[in-house]
Amino acid sequence: MLDLSRVLAGPFCAQVLGDLGADVIKVEQPGSGDPVRGFTPPSIGGVSTYYLSTNRNRRSMLADLHSAADRAVVAELAHGADVVIENFLPHQVEAFGLDALRHGLPSVVWVSIRPASSGGPLAAQPAFDLLAQARSGLMGVTGSAASGPMKVGSPVADVLAGLYGAVAALAGLHQRGRLGSASHFEVPLLEAAMSALVNQGQSYLATGVVPGLLGNDHPSIAPYGPLATADGIVMVAVGTDRQFSAFCGVLGRPELAEDPAFATNAMRVEHRDRLAAVLAEHFATAPTSHWLEVLAAGSIPCAPVNDVAQALAEPQVLATGLLQSIDTPAGAVQVIGSPLLVDGERLLVRSSPPSLGHDDVSIRGALGPR
């Protein structure tokens, strides 16, 4: 697989496929490489931690696509590839001759990650995760009245586009196996982000009512969100009337389930403020640890609000091998591996993110004399 992409969405797509066993060749600009290498701080041993998060299981070679000689090398690699991934702007695609190359490779699955779908007014405009979150409406349903619109704390639009790209690549390989020909898949960052609106987007399309900022509450379910305890916050997700009855029983407040204002989920949503006030008074009487134990014992869906360190120290994470070790110039560093299990086994990191051009000589040598 040939990865001509850079920054996050494309490299993340390639990483998903690399985790699944693909032999990925990452092509980088001589001198500077993938811009994400410079996204610091933080860094470790002079290597951007951002780069470490999205570039394992691949080889790195150098090629300047402004150079005709290097474009010829890339073309030769593309001819031998099963999949090509790129995320250039339309004017760059034309300048580097990538459309012509793609049209000459009918058996190669080609995945193009774009700012927005071709033919639209934003197709040629540079885009970043932040801008996609803003324009897509995701920020319009994230945050509270006090905070105002907020982005998700990780680059969710890029990750979604990368996942859609990986799905497209796998679908393309399956199609090629059946029909003998491959397709060109376009993955627009903006529309990928908008796909994450799911219930919020459909609610507006069906009713014409613009969803608002509910903070951590759910627009269609209650109680489904944070409850302040004596020393912190516990999240509860009571999604059905049966669960609500069990929830009230666990709390020692069975009368709440019998209150007509709370008898159904629709009524609980309508009277969410009243319900929240009752629950807030009750949960304030004990610490978070107590409520997590009580709720879990009663099979009520609940969770603590972890910071990143707490999340990565969860017994579930430690017990299932999600954290794996890679080598860096500063020594061994843990990374979050693939979440996938194959036949009950965690996919292993086969190789660390490569240094810039680490495999250039061997890759070019395998092509033979020019």
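Here, each number is a calculation from the coordinates, and none is a lab measurement. Just so we're clear, the structure is a prediction, and the values are computed from it rather than from any experiment. Quick reminder, even Gly has a Cβ in these numbers, built from the backbone with ideal geometry, and neighbours come from all protein chains shown.
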Quick note on Leu347, Leu179, ordering by fewest other C-beta atoms within 10 Å, gives Leu179, Leu347
Sorted largest first, the Cα spans of the chain on the principal axes come out in Å as 82, 49, 41
Here the residues of the range 46-86 lying in the modelled label zone of Glu186, meaning backbone nitrogen under 18 Å from a point 7 Å along Cα-to-Cβ, are 84-86
Length gained, Asp23-Val167, 0.36 nm per residue minus C-alpha separation, equals 50.2 nm
Taking alpha-carbon centroids only, the range 83-132 lies from the range 299-370 a number of Å equal to 28 Å
In degrees, nearest 10, the alpha-carbon axis of helix 68-79 is tilted away from the dominant principal axis of the alpha carbons of the chain by 60 degrees
Taking 0.36 nm per residue of separation between Asn199 and Arg364 and subtracting their Cα-Cα distance, the length gained on full extension comes to 54.5 nm
Expected sort for His91, His79 with the fewest Cβ neighbours (10 Å cutoff) up front is His91, His79
Simple SL model, points at 7 angstrom along Cα→Cβ for Arg346 and Val152; separation in nm is 2.3 nm
Here, Ala237 and Ser32, labelled 7 Å along Cα→Cβ, have an inter-label distance in nm of 4.2 nm
Fraction of alpha-carbon pairs in the range 224-304 farther than 14 Å apart, rounded to whole percent, equals 59 percent
Expected max-MSF residue from Met150, Met267, Met194 in the GNM of the chain (alpha carbon, under 10 Å) is Met267
Placing each pseudo-label 7 Å from Cα in the direction of the beta carbon, His79 and Ala332 end up separated by a distance in nanometres of 4.4 nm
Helix 288-297 sits off the longest principal axis of the Cα atoms of the chain, rounded to the nearest 10 on a 0 to 90 degree scale, by 90 degrees
Extension length gain for His91 and Val308 (0.36 nm per residue less Cα distance), in nm, is 74.2 nm
Evaluated at 25 °C and 0.890 mPa s, the Stokes-Einstein D of the range 1-148 based on the Kirkwood radius over Cα pairs, in µm²/s, stands at 147 µm²/s
The helix 156-179 Cα axis meets the longest alpha-carbon principal axis of the chain at an angle in degrees, between 0 and 90 and rounded to 10, of 60 degrees
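Give, rounded to the nearest 20 debye, the magnitude of the charge dipole that the chain has about its Cα centre when Lys and Arg contribute +1 at Cβ and Asp and Glu contribute -1 at Cβ.
The dipole magnitude comes to about 600 debye.
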